[in-house]
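Comments concern the structure below.
The values are calculated or read from the model by the stated rules, or taken from the named source; none is laboratory data. Keep in mind it's a predicted model, so treat the numbers as computed, not measured. Positions of Cβ are generated from backbone atoms using ideal geometry, with glycine treated the same way; all protein chains shown enter the neighbour counts.
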Amino acid sequence: MCKGKFHPRKLDFHPYPSVNAGLRKSFHTTSRKMIPPAIWIVVAPVVKVIAVLSGRFSRKWWQALPTYKKLQYLNAAGCVGFSGLSLYYCKHLQETPITGRKRFIAFTPAQYEKLSYETYKHVFHQYEKEFLNKDHPFHTRLTRVFHNLLWANGDFVQLNSNQKWEYRVLDRPYPKHHINALCVEHGLILVNSSALEVLQTDDELAFIIAHEMAHILLGHQQENISQGQLLDFMIIAVMASIWTMIPSDGISIVTHWFFAKCRQLFVDLPYSRKVETEADKVGLEIMAKACYDIRAAPLTMTKLSIDCNLNESGKFQMEFLKTHPLSIRRAEHMNHLLPSAELVRESCNCPELPSKDPRELITFISYLAEQRYIKLKTRQNLKQVTYKL
Ligand SMILES: [Zn+2]
(Lines give C-alpha, C1' and ligand atoms only; values in the text may rest on other atoms or scores of the structure.)
Protein backbone atom coordinates (compact mmCIF):
# COMPACT_ATOMS: atom_id res chain seq x y z
CA MET A 1 0.00 0.00 0.00
CA CYS A 2 1.21 3.50 -0.75
CA LYS A 3 0.42 7.09 -0.02
CA GLY A 4 -2.87 7.97 -1.65
CA LYS A 5 -3.99 4.34 -1.82
CA PHE A 6 -4.52 3.91 1.88
CA HIS A 7 -7.75 4.80 3.59
CA PRO A 8 -6.55 6.41 6.81
CA ARG A 9 -8.19 5.02 9.87
CA LYS A 10 -8.55 6.89 13.09
CA LEU A 11 -5.37 6.31 15.03
CA ASP A 12 -5.65 5.56 18.67
CA PHE A 13 -2.92 7.34 20.58
CA HIS A 14 -2.48 6.34 24.14
CA PRO A 15 0.64 6.06 26.28
CA TYR A 16 -0.39 2.71 27.71
CA PRO A 17 -1.27 0.23 25.03
CA SER A 18 -3.51 -2.77 25.46
CA VAL A 19 -1.77 -6.09 25.45
CA ASN A 20 -3.54 -7.08 22.23
CA ALA A 21 -0.62 -6.02 20.10
CA GLY A 22 -0.45 -7.12 16.50
CA LEU A 23 2.87 -8.83 16.98
CA ARG A 24 0.99 -12.08 17.43
CA LYS A 25 0.50 -12.33 13.69
CA SER A 26 4.22 -12.51 13.06
CA PHE A 27 4.71 -15.55 15.26
CA HIS A 28 3.86 -19.15 14.67
CA THR A 29 1.72 -20.69 17.34
CA THR A 30 2.95 -24.24 17.82
CA SER A 31 3.27 -25.07 21.48
CA ARG A 32 6.87 -24.66 22.56
CA LYS A 33 8.45 -24.73 25.97
CA MET A 34 10.01 -21.35 26.60
CA ILE A 35 11.43 -19.59 29.59
CA PRO A 36 9.37 -16.52 30.50
CA PRO A 37 11.58 -13.51 29.61
CA ALA A 38 10.90 -11.57 32.81
CA ILE A 39 11.95 -14.58 34.91
CA TRP A 40 15.05 -15.19 32.81
CA ILE A 41 16.19 -11.56 33.17
CA VAL A 42 16.20 -12.02 36.97
CA VAL A 43 17.50 -15.57 37.02
CA ALA A 44 20.30 -15.31 34.43
CA PRO A 45 22.79 -13.26 36.54
CA VAL A 46 22.23 -15.61 39.51
CA VAL A 47 22.81 -18.69 37.34
CA LYS A 48 26.02 -17.14 35.99
CA VAL A 49 27.34 -16.60 39.52
CA ILE A 50 26.38 -20.16 40.46
CA ALA A 51 28.19 -21.43 37.33
CA VAL A 52 31.37 -19.59 38.35
CA LEU A 53 31.22 -20.76 41.97
CA SER A 54 30.37 -24.37 41.15
CA GLY A 55 33.16 -24.40 38.55
CA ARG A 56 35.62 -23.01 41.08
CA PHE A 57 34.64 -25.52 43.78
CA SER A 58 34.85 -28.39 41.27
CA ARG A 59 38.40 -27.47 40.30
CA LYS A 60 40.17 -29.81 42.72
CA TRP A 61 37.91 -32.68 41.75
CA TRP A 62 38.66 -31.98 38.06
CA GLN A 63 42.41 -31.76 38.56
CA ALA A 64 42.43 -35.11 40.39
CA LEU A 65 40.79 -36.88 37.45
CA PRO A 66 42.96 -38.95 35.09
CA THR A 67 43.30 -37.56 31.56
CA TYR A 68 41.14 -40.23 29.92
CA LYS A 69 38.30 -39.45 32.37
CA LYS A 70 38.58 -35.75 31.61
CA LEU A 71 38.29 -36.50 27.89
CA GLN A 72 35.25 -38.69 28.50
CA TYR A 73 33.51 -35.96 30.49
CA LEU A 74 34.40 -33.31 27.90
CA ASN A 75 33.07 -35.46 25.04
CA ALA A 76 29.83 -36.22 26.89
CA ALA A 77 29.26 -32.60 27.95
CA GLY A 78 30.10 -31.33 24.45
CA CYS A 79 27.71 -33.78 22.74
CA VAL A 80 24.82 -33.16 25.16
CA GLY A 81 25.31 -29.38 25.21
CA PHE A 82 25.75 -29.02 21.47
CA SER A 83 22.77 -31.28 20.60
CA GLY A 84 20.51 -29.63 23.19
CA LEU A 85 21.31 -26.09 22.07
CA SER A 86 21.07 -26.99 18.38
CA LEU A 87 17.64 -28.55 18.92
CA TYR A 88 16.47 -25.57 20.97
CA TYR A 89 17.79 -23.18 18.32
CA CYS A 90 16.20 -25.01 15.37
CA LYS A 91 12.84 -25.32 17.11
CA HIS A 92 12.68 -21.58 17.60
CA LEU A 93 13.71 -20.39 14.15
CA GLN A 94 11.33 -17.99 12.46
CA GLU A 95 11.33 -15.84 9.36
CA THR A 96 11.79 -12.09 9.64
CA PRO A 97 8.88 -10.19 8.08
CA ILE A 98 9.68 -8.48 4.73
CA THR A 99 13.29 -9.66 4.40
CA GLY A 100 12.67 -13.38 5.06
CA ARG A 101 15.87 -13.74 7.09
CA LYS A 102 15.90 -16.74 9.43
CA ARG A 103 16.28 -15.82 13.06
CA PHE A 104 15.97 -17.20 16.57
CA ILE A 105 12.95 -16.09 18.63
CA ALA A 106 12.81 -17.50 22.15
CA PHE A 107 9.40 -16.31 23.29
CA THR A 108 5.76 -17.11 22.76
CA PRO A 109 3.68 -14.17 21.52
CA ALA A 110 1.95 -13.84 24.90
CA GLN A 111 5.28 -13.77 26.75
CA TYR A 112 6.70 -11.16 24.44
CA GLU A 113 3.61 -8.99 24.56
CA LYS A 114 3.92 -8.75 28.34
CA LEU A 115 7.63 -7.96 28.16
CA SER A 116 7.30 -5.33 25.44
CA TYR A 117 4.38 -3.71 27.25
CA GLU A 118 6.47 -3.42 30.43
CA THR A 119 9.39 -2.03 28.41
CA TYR A 120 7.06 0.48 26.75
CA LYS A 121 5.78 1.73 30.13
CA HIS A 122 9.28 1.86 31.58
CA VAL A 123 10.76 3.85 28.66
CA PHE A 124 7.76 6.18 28.52
CA HIS A 125 8.12 7.06 32.22
CA GLN A 126 11.89 7.31 31.95
CA TYR A 127 11.72 10.07 29.33
CA GLU A 128 8.34 11.60 30.19
CA LYS A 129 9.83 14.68 31.88
CA GLU A 130 11.74 15.58 28.74
CA PHE A 131 8.78 15.53 26.34
CA LEU A 132 8.15 18.76 24.45
CA ASN A 133 4.53 19.91 24.55
CA LYS A 134 2.26 18.67 21.82
CA ASP A 135 1.70 22.22 20.56
CA HIS A 136 5.45 22.71 19.99
CA PRO A 137 6.33 23.16 16.27
CA PHE A 138 8.74 20.20 16.47
CA HIS A 139 5.95 17.92 17.67
CA THR A 140 3.66 19.21 14.91
CA ARG A 141 6.32 18.42 12.34
CA LEU A 142 6.95 14.97 13.77
CA THR A 143 3.18 14.28 13.72
CA ARG A 144 2.97 15.25 10.05
CA VAL A 145 5.85 13.01 8.99
CA PHE A 146 4.81 10.10 11.19
CA HIS A 147 1.21 10.11 9.88
CA ASN A 148 2.37 10.26 6.28
CA LEU A 149 4.63 7.24 6.81
CA LEU A 150 2.06 5.23 8.72
CA TRP A 151 -0.79 5.85 6.31
CA ALA A 152 1.33 4.94 3.32
CA ASN A 153 2.42 1.68 4.95
CA GLY A 154 -0.96 0.46 6.12
CA ASP A 155 -0.41 -2.92 4.47
CA PHE A 156 2.32 -3.83 6.96
CA VAL A 157 0.34 -5.71 9.60
CA GLN A 158 3.00 -5.22 12.25
CA LEU A 159 2.73 -1.44 11.90
CA ASN A 160 -0.95 -1.07 11.44
CA SER A 161 -2.85 -3.75 13.36
CA ASN A 162 -3.08 -3.12 17.06
CA GLN A 163 -0.07 -0.91 17.70
CA LYS A 164 -0.95 1.92 20.06
CA TRP A 165 1.31 4.58 18.71
CA GLU A 166 2.88 7.26 20.81
CA TYR A 167 5.58 9.52 19.38
CA ARG A 168 7.28 12.38 21.20
CA VAL A 169 10.11 14.87 20.81
CA LEU A 170 12.62 14.95 23.67
CA ASP A 171 13.92 18.35 24.73
CA ARG A 172 17.51 17.61 23.80
CA PRO A 173 18.88 20.46 21.68
CA TYR A 174 21.85 20.45 19.33
CA PRO A 175 24.86 20.48 19.68
CA LYS A 176 24.71 19.37 23.30
CA HIS A 177 22.88 16.22 22.24
CA HIS A 178 23.40 13.85 19.34
CA ILE A 179 20.94 13.49 16.50
CA ASN A 180 19.12 10.42 17.72
CA ALA A 181 15.89 8.49 17.99
CA LEU A 182 14.70 5.32 19.63
CA CYS A 183 11.72 3.03 19.39
CA VAL A 184 10.00 0.43 21.55
CA GLU A 185 7.79 -2.32 20.18
CA HIS A 186 4.15 -1.66 20.98
CA GLY A 187 4.52 1.63 19.15
CA LEU A 188 6.68 4.16 21.00
CA ILE A 189 9.01 6.46 19.02
CA LEU A 190 11.11 9.15 20.70
CA VAL A 191 13.22 11.67 18.79
CA ASN A 192 15.78 14.13 20.14
CA SER A 193 14.94 17.75 19.33
CA SER A 194 18.50 17.97 17.97
CA ALA A 195 17.36 15.76 15.09
CA LEU A 196 14.57 18.17 14.19
CA GLU A 197 17.02 21.08 14.31
CA VAL A 198 19.65 19.51 12.08
CA LEU A 199 17.41 17.55 9.69
CA GLN A 200 15.87 20.55 8.04
CA THR A 201 13.51 18.92 5.54
CA ASP A 202 10.69 16.46 6.15
CA ASP A 203 12.42 14.07 3.73
CA GLU A 204 15.45 13.88 6.01
CA LEU A 205 13.33 13.47 9.14
CA ALA A 206 11.21 10.84 7.37
CA PHE A 207 14.23 8.59 6.97
CA ILE A 208 14.97 8.65 10.72
CA ILE A 209 11.34 7.88 11.62
CA ALA A 210 11.05 5.22 8.90
CA HIS A 211 14.21 3.56 10.24
CA GLU A 212 12.66 3.34 13.73
CA MET A 213 9.38 2.04 12.29
CA ALA A 214 11.37 -0.61 10.42
CA HIS A 215 12.87 -1.83 13.73
CA ILE A 216 9.32 -2.27 15.06
CA LEU A 217 8.05 -3.86 11.86
CA LEU A 218 10.93 -6.34 11.77
CA GLY A 219 10.64 -7.20 15.47
CA HIS A 220 14.31 -6.49 16.18
CA GLN A 221 13.71 -5.94 19.87
CA GLN A 222 12.36 -9.42 20.50
CA GLU A 223 15.08 -10.90 18.30
CA ASN A 224 17.75 -9.09 20.27
CA ILE A 225 16.42 -10.32 23.62
CA SER A 226 16.05 -13.85 22.25
CA GLN A 227 19.61 -13.92 21.00
CA GLY A 228 20.77 -12.65 24.39
CA GLN A 229 19.00 -15.54 26.09
CA LEU A 230 20.56 -18.12 23.77
CA LEU A 231 24.00 -16.62 24.31
CA ASP A 232 23.40 -16.67 28.06
CA PHE A 233 22.94 -20.46 27.91
CA MET A 234 26.25 -20.84 26.09
CA ILE A 235 28.03 -18.41 28.36
CA ILE A 236 26.89 -20.24 31.50
CA ALA A 237 28.36 -23.48 30.14
CA VAL A 238 31.61 -21.77 29.09
CA MET A 239 31.95 -19.94 32.43
CA ALA A 240 31.51 -23.17 34.39
CA SER A 241 34.13 -24.84 32.17
CA ILE A 242 36.62 -21.98 32.50
CA TRP A 243 36.40 -21.91 36.28
CA THR A 244 36.61 -25.72 36.52
CA MET A 245 39.45 -26.47 34.13
CA ILE A 246 41.76 -23.47 34.51
CA PRO A 247 44.02 -24.07 37.51
CA SER A 248 44.19 -20.56 39.03
CA ASP A 249 41.69 -17.78 39.80
CA GLY A 250 43.88 -15.13 38.11
CA ILE A 251 44.05 -16.95 34.78
CA SER A 252 40.32 -17.75 35.05
CA ILE A 253 39.47 -14.04 35.47
CA VAL A 254 41.60 -13.08 32.45
CA THR A 255 40.09 -15.89 30.34
CA HIS A 256 36.59 -14.91 31.48
CA TRP A 257 37.23 -11.27 30.50
CA PHE A 258 38.76 -12.31 27.17
CA PHE A 259 35.73 -14.49 26.39
CA ALA A 260 33.32 -11.61 27.21
CA LYS A 261 35.29 -9.26 24.92
CA CYS A 262 35.26 -11.84 22.11
CA ARG A 263 31.50 -12.19 22.47
CA GLN A 264 31.09 -8.43 22.24
CA LEU A 265 33.41 -8.03 19.26
CA PHE A 266 32.46 -11.09 17.23
CA VAL A 267 28.81 -11.68 18.11
CA ASP A 268 27.01 -8.72 19.70
CA LEU A 269 28.39 -5.84 17.64
CA PRO A 270 28.25 -7.55 14.20
CA TYR A 271 24.69 -8.66 14.97
CA SER A 272 23.72 -5.12 15.95
CA ARG A 273 25.23 -3.73 12.75
CA LYS A 274 23.39 -6.36 10.71
CA VAL A 275 19.97 -5.40 12.06
CA GLU A 276 20.75 -1.69 11.65
CA THR A 277 21.56 -2.28 7.99
CA GLU A 278 18.32 -4.24 7.64
CA ALA A 279 16.34 -1.40 9.26
CA ASP A 280 18.00 1.09 6.87
CA LYS A 281 16.91 -0.97 3.88
CA VAL A 282 13.30 -1.48 5.03
CA GLY A 283 13.15 2.11 6.32
CA LEU A 284 14.03 3.36 2.84
CA GLU A 285 11.13 1.32 1.43
CA ILE A 286 8.76 2.72 4.06
CA MET A 287 9.92 6.21 3.14
CA ALA A 288 9.56 5.54 -0.60
CA LYS A 289 5.98 4.32 -0.20
CA ALA A 290 5.11 7.63 1.46
CA CYS A 291 6.53 9.43 -1.63
CA TYR A 292 9.31 11.21 0.23
CA ASP A 293 12.50 12.17 -1.60
CA ILE A 294 14.56 9.03 -1.01
CA ARG A 295 17.79 10.85 -1.95
CA ALA A 296 17.53 12.59 1.43
CA ALA A 297 18.52 9.30 3.13
CA PRO A 298 22.25 9.49 2.19
CA LEU A 299 22.25 13.18 3.17
CA THR A 300 20.77 12.29 6.58
CA MET A 301 23.42 9.64 7.07
CA THR A 302 26.17 12.12 6.20
CA LYS A 303 24.80 14.55 8.80
CA LEU A 304 24.79 11.72 11.37
CA SER A 305 28.35 10.84 10.46
CA ILE A 306 29.47 14.43 11.00
CA ASP A 307 27.53 14.63 14.25
CA CYS A 308 29.16 11.46 15.58
CA ASN A 309 32.63 12.64 14.63
CA LEU A 310 32.36 16.16 16.03
CA ASN A 311 29.92 16.06 18.91
CA GLU A 312 31.46 14.19 21.80
CA SER A 313 29.22 15.58 24.50
CA GLY A 314 26.06 13.59 23.78
CA LYS A 315 24.80 11.36 26.54
CA PHE A 316 21.80 9.91 24.78
CA GLN A 317 23.74 7.19 23.03
CA MET A 318 21.23 4.49 22.23
CA GLU A 319 21.56 4.47 18.48
CA PHE A 320 23.85 5.54 15.68
CA LEU A 321 26.96 4.73 17.67
CA LYS A 322 29.51 1.95 17.71
CA THR A 323 26.88 -0.73 17.58
CA HIS A 324 25.97 0.69 14.18
CA PRO A 325 27.83 0.58 10.89
CA LEU A 326 29.77 3.76 10.20
CA SER A 327 27.28 6.39 9.08
CA ILE A 328 29.35 7.19 6.02
CA ARG A 329 29.17 3.53 4.97
CA ARG A 330 25.44 3.58 5.60
CA ALA A 331 25.20 6.60 3.30
CA GLU A 332 26.97 4.58 0.57
CA HIS A 333 24.55 1.69 1.20
CA MET A 334 21.62 4.08 0.85
CA ASN A 335 22.99 5.33 -2.47
CA HIS A 336 23.24 1.72 -3.63
CA LEU A 337 19.58 1.06 -2.68
CA LEU A 338 18.17 4.20 -4.32
CA PRO A 339 17.28 2.60 -7.71
CA SER A 340 15.10 -0.09 -6.09
CA ALA A 341 13.50 2.51 -3.79
CA GLU A 342 12.76 4.62 -6.88
CA LEU A 343 10.87 1.63 -8.34
CA VAL A 344 8.79 1.50 -5.14
CA ARG A 345 7.96 5.19 -5.56
CA GLU A 346 6.94 4.60 -9.17
CA SER A 347 4.71 1.66 -8.22
CA CYS A 348 2.99 3.97 -5.71
CA ASN A 349 2.33 6.61 -8.39
CA CYS A 350 4.41 9.15 -6.50
CA PRO A 351 5.26 12.43 -8.25
CA GLU A 352 8.68 12.63 -9.91
CA LEU A 353 11.62 13.47 -7.70
CA PRO A 354 12.39 17.22 -7.58
CA SER A 355 15.09 18.42 -10.00
CA LYS A 356 17.24 19.62 -7.09
CA ASP A 357 19.04 16.62 -5.61
CA PRO A 358 19.43 16.95 -1.80
CA ARG A 359 22.73 15.05 -2.07
CA GLU A 360 24.29 18.16 -3.62
CA LEU A 361 24.57 19.45 -0.05
CA ILE A 362 26.80 16.56 1.01
CA THR A 363 30.01 18.04 -0.39
CA PHE A 364 29.28 21.42 1.19
CA ILE A 365 28.46 20.15 4.69
CA SER A 366 31.41 17.74 4.57
CA TYR A 367 33.70 20.71 3.82
CA LEU A 368 32.24 22.70 6.74
CA ALA A 369 32.66 19.70 9.04
CA GLU A 370 36.28 19.29 7.98
CA GLN A 371 36.99 22.93 8.78
CA ARG A 372 35.37 22.60 12.18
CA TYR A 373 37.31 19.41 12.88
CA ILE A 374 40.60 21.14 12.03
CA LYS A 375 39.71 23.98 14.41
CA LEU A 376 38.87 21.57 17.21
CA LYS A 377 42.08 19.63 16.66
CA THR A 378 44.18 22.79 16.70
CA ARG A 379 42.54 23.91 19.95
CA GLN A 380 43.20 20.48 21.43
CA ASN A 381 46.86 20.67 20.45
CA LEU A 382 47.16 24.12 22.04
CA LYS A 383 45.75 22.68 25.26
CA GLN A 384 48.32 19.90 25.20
CA VAL A 385 51.16 22.40 24.63
CA THR A 386 49.93 24.58 27.51
CA TYR A 387 49.75 21.56 29.79
CA LYS A 388 53.30 20.54 28.97
CA LEU A 389 54.62 24.07 29.63
ZN1 LIG B 1 18.43 1.68 14.41
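Taking the range 50-79 as the region of interest, how many residues are loosely packed, with under 11 Cβ neighbours inside 10 Å and either touching a His at 6+ places or on another chain (Cβ under 8 Å) or within 30 Å of Ile225 (Cβ to Cβ) (or both)?
1
Conditions: (1) surrounded by fewer than 16 Cβ atoms within 10 Å (Cβ to Cβ); (2) away from the ligand (no atom under 15 Å from the Cβ); (3) of a type in the set (A, V, I, L, M, F, W, C); (4) closer than 24 Å to Glu95 by Cα. Leu269 meets all but one. Number of the miss?
Exception for Leu269: condition (2).
Could you look through the range 168-188, keep only residues that are modelled with pLDDT of 95 or more and in a strand (DSSP E or B), and pick out the one that is farthest from Lys303 (Cα to Cα)?
Across the range 168-188, the extreme among qualifying residues is Arg168.
Just to be sure I understand the filter: pairs with C-beta atoms under 7 Å, separated by 6 or more residues or on different chains, first member in the range 167-192 and closer than 16 Å to Thr119 by Cβ, second member in a strand (DSSP E or B) and of a type in the set (Lys, Arg). Which pairs pass?
Final answer for the pair search is Leu190/Arg168.
Any residue in the range 194-204 that is among the acidic types (Asp, Glu) and within 15 Å of the chain's Cα centre (by Cα)? Before you say what the answer is, go through the steps one by one.
Quick first cut of the range 194-204, residues among the acidic types (Asp, Glu) only: 197, 202-204.
If we keep only those that are within 15 Å of the chain's Cα centre (by Cα) too, we end up with none.
No, the range 194-204 has no match at all.
I need every pair where a residue in the range 260-289 that is touching a residue at least 12 places away in the same chain (Cβ under 8 Å) has its Cβ under 6 Å from the Cβ of a residue that is more than 16 Å from the ligand (Cβ to nearest atom) and among the charged types (D, E, K, R), sequence separation at least 6 or different chains.
Ala288/Arg345
Do you know which residues across the range 274-301 are within 16 Å of the ligand (Cβ to nearest atom), more than 15 Å from Phe156 (Cβ to Cβ) and of a type in the set (Gly, Ala, Ser)?
Once the filter is applied, which keeps residues that are within 16 Å of the ligand (Cβ to nearest atom), more than 15 Å from Phe156 (Cβ to Cβ) and of a type in the set (Gly, Ala, Ser), the range 274-301 yields only Ala297.
Please enumerate the residues belonging to the range 220-236 that are of a type in the set (Asp, Glu) and modelled with pLDDT of 90 or more.
Of the range 220-236, the ones of a type in the set (Asp, Glu) are 223, 232.
Passing the criteria: only Glu223.
Show the residue pairs that are 6+ apart or on different chains and have beta-carbon atoms under 6 Å apart, the first residue being within the range 207-223 and farther than 15 Å from Ile98 by Cα, the second being among the hydroxyl-bearing types (Ser, Thr, Tyr) and more than 9 Å from the ligand (Cβ to nearest atom).
Phe207/Thr300; Gln222/Tyr112
Go through (1) away from the ligand (no atom under 16 Å from the Cβ); (2) in contact with a strand residue (DSSP E or B) (Cβ under 7 Å, 6 or more places away or on another chain) one by one and return the number of the condition Cys183 breaks.
(1)
Against the definition (under 14 Å from His147 (Cα atoms), within 16 Å of the ligand (Cβ to nearest atom) and of a type in the set (A, V, I, L, M, F, W, C)), how does Ala210 come out, yes or no? Steps first, answer last, please.
Working: under 14 Å from His147 (Cα atoms): yes; within 16 Å of the ligand (Cβ to nearest atom): yes; of a type in the set (A, V, I, L, M, F, W, C): yes.
For Ala210, the condition - under 14 Å from His147 (Cα atoms), within 16 Å of the ligand (Cβ to nearest atom) and of a type in the set (A, V, I, L, M, F, W, C) - is met.
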